[in-house]
Amino acid sequence: MKNIFTFCLILLSVITAKAQDTEDYIAEHVEVAQELMRDHQIPASIILAVAIHESAAGNSRIAQHLNNHFGVKGPNNNADIRSAYRDYESDEESYNHFVELMETRAPFNGLFGKYDRYDYKGWARGIQRSGYARSRTWASQVIAMVDKYDLYQYDERPEDYIAPVYKSPVYHRKKRSTSRFYTVKAGDNLGVIARKKGTTVKTLMKKNRLKSARLKPGQRIKF
């Protein structure tokens with residue numbers, strides 16, 4: 001019983017430390033994020049949220065070994081890990097390069113004319129649509145990060161600013177086809193196939209738009 005209690009205390013301390021790590025990460029990097037926001041008109045909240053998301057608040061291997069906080073791929077000269085991700089001399093260099101990518105590479109550079117420096121939701125969705133991440137939920141995760149840690153407080157919004165309203169994206173799953181197929185063998189006919197598959201000749205003819213009951217070996221029949 002004592003061991004279980006001790007384990008629970010350790011687990012709780014790990015969880016608490018992890019949350020504190022994120023707060024510490026924000027405190028450590030908020031100044032550079034705000035400087036970039038003022039110079040380049042991209043929300044500090046987005047810069048921070050993307051960095052937290054892509055680097056696990058600085059705990060990822062590429063953040064630890066390569067100073068890469070935004071998951072940017074490229075050559076590196078690091079001997080500690082083998083990686084397809086680019087290395088940087090400092091965290092600040094990684095932050096600056098992320099904003100540089102947004103400004104200089106299409107279609108990201110088109111976002112500056114579309115969203116203002118306070119519209120973090122628009123920026124998150126725009127960056128995703130521009131191909132930054134494959135995950136369809138990437139923008140939602142980044143926005144959730146902004147909201148969870150109140151990162152929008154660093155965007156220096158005017159008191160009378162009215163944030164645009166966006167509809168939540170709806171993802172539709174592709175419907176699976178209910179049709180199955182049977183490959184006709186020598187000696188088969190519609191009656192034989194219907195009995196095998198628990199259907200009727202009429203249904204088979206309708207599903208396959210058959211005008212004749214004649215079948216050829218190798219022919220594929222929906223059932």
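The values are calculated or read from the model by the stated rules, or taken from the named source; none is laboratory data. On a predicted model such as this, the values are computed, not experimentally measured, just so you know. Please note: Cβ atoms are built from the backbone with ideal geometry, for glycine as well, and neighbour counts cover all protein chains shown.
At a glance:
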read-out	value
Qualifying residue in the range 155-177 (condition: surrounded by 14 or more Cβ atoms within 10 Å (Cβ to Cβ), of a type in the set (Phe, Trp, Tyr) and either touching a helix residue (DSSP H, G or I) at 6+ places or on another chain (Cβ under 7 Å) or farther than 30 Å from ALA49 by Cα (or both))	no
Residue that is nearest to the chain's Cα centre (by Cα), among those in the range 132-152 that are of a type outside the set (A, V, I, L, M) and not in a loop (DSSP other than H, G, I, E, B)	TRP138
Criterion violated by ASP155 - all others in (1) over 21 Å from the mean Cα position of the chain (by Cα); (2) over 28 Å from LYS73 (Cα atoms) satisfied	(2)
Residue within the range 200-211 that is in contact with a strand residue (DSSP E or B) (Cβ under 9 Å, 6 or more places away or on another chain), charged (D, E, K, R), on the phi < 0 side of the Ramachandran plot and at pLDDT 85 or above present	yes
Single residue of the range 76-102 satisfying the filter (over 18 Å from ALA33 (Cα atoms) and without any contact (Cβ under 8 Å) to a residue 12 or more places away in the chain) that is surrounded by the most Cβ atoms within 10 Å (Cβ to Cβ)	ASN76
Every residue from the range 103-140 that is of a type in the set (Asp, Glu) and either farther than 19 Å from LYS73 by Cβ or surrounded by 17 or more Cβ atoms within 10 Å (Cβ to Cβ) (or both)	ASP116, ASP119
Near pairs, Cβ below 6 angstrom, 6+ apart or cross-chain, from the range 107-131 (in a helix (DSSP H, G or I)) to any residue that is modelled with pLDDT under 95 and not small (Gly, Ala, Ser)	LYS121/TYR166
Residues within the range 56-85 that are out of contact with any His (no Cβ under 9 Å at 6 or more places or on another chain) and among the β-branched types (Val, Ile, Thr), tallied	0
SER130 vs. criteria in contact with a Phe, Trp or Tyr (Cβ under 8 Å, 6 or more places away or on another chain) and within 19 Å of TYR166 (Cα to Cα)	yes
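One line per residue, one yes/no per condition, for (1) closer than 20 Å to LEU36 by Cβ; (2) assigned by TED's automatic domain parsing to the domain that holds LYS73; (3) basic (Lys, Arg):
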| site | (1), (2), (3) |
| --- | --- |
| SER135 | no, yes, no |
| SER140 | no, yes, no |
| ILE143 | yes, yes, no |
| LEU151 | yes, yes, no |
| ILE162 | no, no, no |
| VAL165 | no, no, no |
| SER168 | no, no, no |
